[in-house]
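Undergrad: Got a structure here, written out as structure tokens. Questions coming.
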Amino acid sequence: MASVLEKTKSKKIVFPTKKELSEAMATYTANLSAKFCKERGYFTVVLSGGDLISWLSELLEPKYQESIEWSKWHIFWVDERVVPLDHEDSNYKLAFDGFLSKVPIPIANIYPIDKDCAALGDAKSAALLYEECLKRLVNRNIIRTYKSSGFPQFDLQLLGMGPDGHMASLFPGHYQIKEKANLVTYITDSPKPPPKRITFTLPVINCASYNLMAVCDEAQADAVAKVFNHNFDLPAAWLTADVEAIWFLDQAAASKIPKGL
Ligand SMILES: O=C(O)[C@H](O)[C@@H](O)[C@H](O)[C@H](O)COP(=O)(O)O
């Protein structure tokens, strides 16, 4: 069977250090920002949680601060923990404190989950409202749609993977990975705390023009090896993209990939 990774132009780059990975991620993001801002006047960027946000700090360097057209960026989350937006577990808070508050992206262009649902811990309503938010932005042509499917197509998603092979809040052995109809779904028993989360579904994740999956450290090496061995029990093994799905790995995370893959 031709693997999903082969069919969908997945590539990997292994960096000697996290610093070099972080610099390359900044260059990759800045180049796509220039392309999409020029082509359509918007750049839709989807963030996840985890270590990714600290690696994004490279974009705070003066050369990027001055050259990027921040006012054209629109920011979304591929997954979010359903906790108050000022809670330390919130992916919104993580990104806001570590990155978004330090760049001049208009606050109206930043789309966290509904704050009341977040405060109440209502994951189902949070997912419904986030899906409605995406549809409104599709209607305003801020988010493109994938071919004729009507599914939202984001310009760039910056993703991470857990040691169990989860991406976004799609966990191994949980039914959310199979959800095909909705754009956004939810989980109330996430194996990684906190338990209540919302997440983009796989079709939405894979419609993105560019998916950059950044993974570092030895703890992820087994999962990375399984992904490149096409073990589809791991949600991250299903990652594709419309134009390019690219894995940025440090040497430790890449250390167990079988030779030749
Ligand atoms: O809400 C979350 O838990 C994150 O969005 C999650 O999906 C994350 O991206 C991975 O678990 C990787 O996390 P690390 O980068 O911390 O390994």
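The values are calculated or read from the model by the stated rules, or taken from the named source; none is laboratory data. The model shown is predicted, which means the values in this text are computed figures rather than measured ones. Here the Cβ positions follow ideal geometry from the backbone for every residue, glycine too, while neighbour counts run over all protein chains shown. Just so you know, the surface numbers come from the protein's heavy atoms only, side chains and all, with ligands and any DNA or RNA stripped out. Shrake-Rupley method; radii C 1.70, N 1.55, O 1.52, S 1.80 Å.
Undergrad: Looking at region 46-83, which of its residues are of a type in the set (D, E, K, R), over 13 Å from A26 (Cβ atoms) and away from the ligand (no atom under 16 Å from the Cβ)?
TA: E66, E69, K72
Undergrad: Here is a list: T185, T199. Which entry is assigned to a strand (DSSP E or B), near the ligand (Cβ under 9 Å from one of its atoms) and touching a residue at least 24 places away in the same chain (Cβ under 8 Å)? Can you show your working first?
TA: Values: T185 fails: near the ligand (Cβ under 9 Å from one of its atoms).
Among T185, T199, only T199 is assigned to a strand (DSSP E or B), near the ligand (Cβ under 9 Å from one of its atoms) and touching a residue at least 24 places away in the same chain (Cβ under 8 Å).
Undergrad: Within region 246-261, work out how many residues are open to solvent by 60 Å² or more (accessible area, probe 1.4 Å) and within 12 Å of the ligand (Cβ to nearest atom).
TA: 0
Undergrad: Go through (1) touching a Leu at 6+ places or on another chain (Cβ under 6 Å); (2) over 20 Å from D242 (Cβ atoms) for L212 and report which single condition fails.
TA: Evaluating L212 over (1) touching a Leu at 6+ places or on another chain (Cβ under 6 Å); (2) over 20 Å from D242 (Cβ atoms) leaves (2) as the failure.
Undergrad: Now for a separate question. From the list K93, K102, K115, K19, which residue is charged (D, E, K, R) and in contact with a helix residue (DSSP H, G or I) (Cβ under 7 Å, 6 or more places away or on another chain)?
TA: Details: K93 fails: in contact with a helix residue (DSSP H, G or I) (Cβ under 7 Å, 6 or more places away or on another chain); K115 fails: in contact with a helix residue (DSSP H, G or I) (Cβ under 7 Å, 6 or more places away or on another chain); K19 fails: in contact with a helix residue (DSSP H, G or I) (Cβ under 7 Å, 6 or more places away or on another chain).
It is K102.
Undergrad: Here is a further query. Where in region 52-119 are there helices (runs of 4 or more DSSP H), lying fully within it, with 1 or more residues that are β-branched (V, I, T) and open to solvent by less than 50 Å² (accessible area, probe 1.4 Å)?
TA: On the way: elements: 52-55, 62-67, 91-98.
Ranges flagged: 52-55.
Undergrad: Examine region 128-137 for a residue that is closer than 15 Å to T199 by Cβ, more than 16 Å from the ligand (Cβ to nearest atom) and open to solvent by 50 Å² or more (accessible area, probe 1.4 Å), and state whether such a residue exists.
TA: Taking every residue of region 128-137 in turn, at least one turns out to be closer than 15 Å to T199 by Cβ, more than 16 Å from the ligand (Cβ to nearest atom) and open to solvent by 50 Å² or more (accessible area, probe 1.4 Å).
Undergrad: Filter region 205-236 down to the residues that are more than 11 Å from the ligand (Cβ to nearest atom), part of a helix (DSSP H, G or I) and either surrounded by fewer than 23 Cβ atoms within 10 Å (Cβ to Cβ) or free of Cβ contacts under 8 Å to residues at least 60 places away in the same chain (or both) and list them by number.
TA: Correct list: N206, E218, A221, D222, A225, K226, F228.
Undergrad: Would it be correct to say that V243 is surrounded by fewer than 18 Cβ atoms within 10 Å (Cβ to Cβ) and of a type outside the set (S, T, Y)?
TA: Details: surrounded by fewer than 18 Cβ atoms within 10 Å (Cβ to Cβ): yes; of a type outside the set (S, T, Y): yes.
Yes.
Residue-by-condition table, conditions (1) under 24 Å from K12 (Cα atoms); (2) of a type in the set (F, W, Y):
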{"position": "L47", "(1), (2)": "yes, no"}
{"position": "W55", "(1), (2)": "yes, yes"}
{"position": "L59", "(1), (2)": "yes, no"}
{"position": "K63", "(1), (2)": "no, no"}
{"position": "K72", "(1), (2)": "no, no"}
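Undergrad: Within the group Q176, Q153, which residue is polar (S, T, N, Q), crowded, with 16+ Cβ neighbours inside 10 Å and away from the ligand (no atom under 13 Å from the Cβ)?
TA: Just one listed residue meets the conditions, Q153.
Undergrad: Right, here's the next one. Going by the structure shown, is D164 acidic (D, E), within 12 Å of the ligand (Cβ to nearest atom) and modelled with pLDDT of 95 or more?
TA: yes
Undergrad: Would you please list the contacts, defined by Cβ atoms under 7 Å and residues six or more apart or on different chains, that run from a residue in region 46-57 that is acidic (D, E) to a residue that is at pLDDT 95 or above and near the ligand (Cβ under 9 Å from one of its atoms)?
TA: These pairs meet every condition: D51/G160; D51/C216.
A quick yes/no check of all residues on (1) at pLDDT 95 or above; (2) in a helix (DSSP H, G or I); (3) open to solvent by less than 60 Å² (accessible area, probe 1.4 Å):
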| residue | (1), (2), (3) |
| --- | --- |
| A2 | no, no, yes |
| L5 | no, yes, yes |
| K19 | yes, yes, no |
| M25 | yes, yes, yes |
| T29 | yes, yes, yes |
| C37 | yes, yes, yes |
| T44 | yes, no, yes |
